[in-house]
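J.: Sending over a structure as structure tokens; questions will come in a sec.
The values are calculated or read from the model by the stated rules, or taken from the named source; none is laboratory data. Note that this is a predicted model, so its numbers are computed, not measured. So basically every Cβ, Gly included, is an ideal-geometry build from the backbone, and we count neighbours across all protein chains shown. Side chains are part of the model used for accessible areas, which takes the heavy atoms of the whole protein and leaves out ligands, DNA and RNA. Shrake-Rupley method; radii C 1.70, N 1.55, O 1.52, S 1.80 Å.
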Amino acid sequence: LCARKVAATSGDLRKALDVCRHAMELAEAEHKKRQGDKENPDVVVTPRVSIMHVAKALSALSGSQAVQKLDALNFQQKLVLYAHVQVVASNAQAKRALGLAVSALYAEYRVVCGRLNMLAPVTRSEFLDLVSMMEMQGVVAVEALKNGRRGGRRATGCPGAADDRALRLLVDESDVRRALSNTPALAPIL
């Protein structure tokens, strides 16, 4: 069960061993709980790991699909997400908007890269490629906005060539924050 589930999700042997270790810990904790109820401490019974323990360990260690998607993003893509979180946190209008203008997000991304002082920001076309990859992975949605009086939908941001598109998250912001906090290189700015 463990090998099949881990092979289907990641194929990483280390993760399979981690699931087995966690299942053993669950079995030992359950065994100790039952041993506390018994009066005869001289009888030693070794705990047995059941399928139930493995299933619990798998669900505890795998997390949601959204979290797995976010953990699989590269560093540049996580910087894009951090920039998005920053704009939304600092701008009440961005919270209410249907999306965040890609040009505004790129401007914030450049500011974030400057604060990190580790790497130069990617070019605008490379940034759009990052956003496209994130869209293919199901982390964000990029939608065209209708400009004009009757369009009704507006993005938050500054004018520019990419303002005809808006980006919105398809995953929960709390999952994004957790994934960002698990990235050691982002520690200086979190």
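J.: Counting only residues that are surrounded by fewer than 13 Cβ atoms within 10 Å (Cβ to Cβ) and assigned to a loop (DSSP other than H, G, I, E, B), how many does region 114-123 have?
T.: 5
J.: Filter region 46-65 for residues that are in a helix (DSSP H, G or I) and polar (S, T, N, Q); which is most open to solvent (accessible area, probe 1.4 Å)?
T.: Selected residue: Gln65.
J.: Pairs under 9 Å by beta carbon, first residue farther than 18 Å from Ala107 by Cα and open to solvent by 50 Å² or more (accessible area, probe 1.4 Å) in region 156-182, partner modelled with pLDDT of 80 or more and outside any helix (DSSP H, G or I), six or more apart or different chains?
T.: Leu170/Gly138; Leu170/Val139; Leu170/Val140; Leu170/Ala141
J.: So how many residues does region 85-143 have that are small (Gly, Ala, Ser) and in contact with an Asp or Glu (Cβ under 7 Å, 6 or more places away or on another chain)? It would help to see each step written out before you state the result.
T.: Quick first cut of region 85-143, residues small (Gly, Ala, Ser) only: 89-90, 92, 94, 97, 99, 101, 103-104, 107, 114, 120, 125, 132, 138, 141.
So of that shortlist, the ones also in contact with an Asp or Glu (Cβ under 7 Å, 6 or more places away or on another chain) come out as 99, 101, 103, 141.
The total comes to 4.
J.: Tally the residues that are charged (D, E, K, R) and surrounded by fewer than 18 Cβ atoms within 10 Å (Cβ to Cβ), restricting the search to region 92-108.
T.: Summing the residues that are charged (D, E, K, R) and surrounded by fewer than 18 Cβ atoms within 10 Å (Cβ to Cβ) in region 92-108 gives 2.
J.: Since Gln35 meets every condition but one in (1) open to solvent by less than 80 Å² (accessible area, probe 1.4 Å); (2) part of a helix (DSSP H, G or I); (3) modelled with pLDDT of 85 or more, which condition does it not meet?
T.: (3)
J.: Take region 95-147 and flag every residue that is under 18 Å from Leu186 (Cβ atoms) and in contact (Cβ under 8 Å) with a residue 60 or more places away in the chain.
T.: Within region 95-147, Leu105, Val112, Arg115, Leu116, Met118, Met134, Val139 meet the criteria.
J.: Among the numbered criteria (1) open to solvent by 40 Å² or more (accessible area, probe 1.4 Å); (2) assigned to a helix (DSSP H, G or I); (3) modelled with pLDDT under 90, which one does Val111 miss?
T.: (3)
J.: Here's a follow-up. Please go through region 66-93 and pick out each residue that is polar (S, T, N, Q), part of a helix (DSSP H, G or I) and modelled with pLDDT of 75 or more.
T.: Correct list: Gln68, Gln76, Gln77, Gln86, Ser90.
J.: Next question, about the same structure. Of the numbered conditions (1) modelled with pLDDT under 90; (2) surrounded by 12 or more Cβ atoms within 10 Å (Cβ to Cβ), Ser132 fails exactly one; give the number of that condition.
T.: (1) is the only condition that Ser132 fails.
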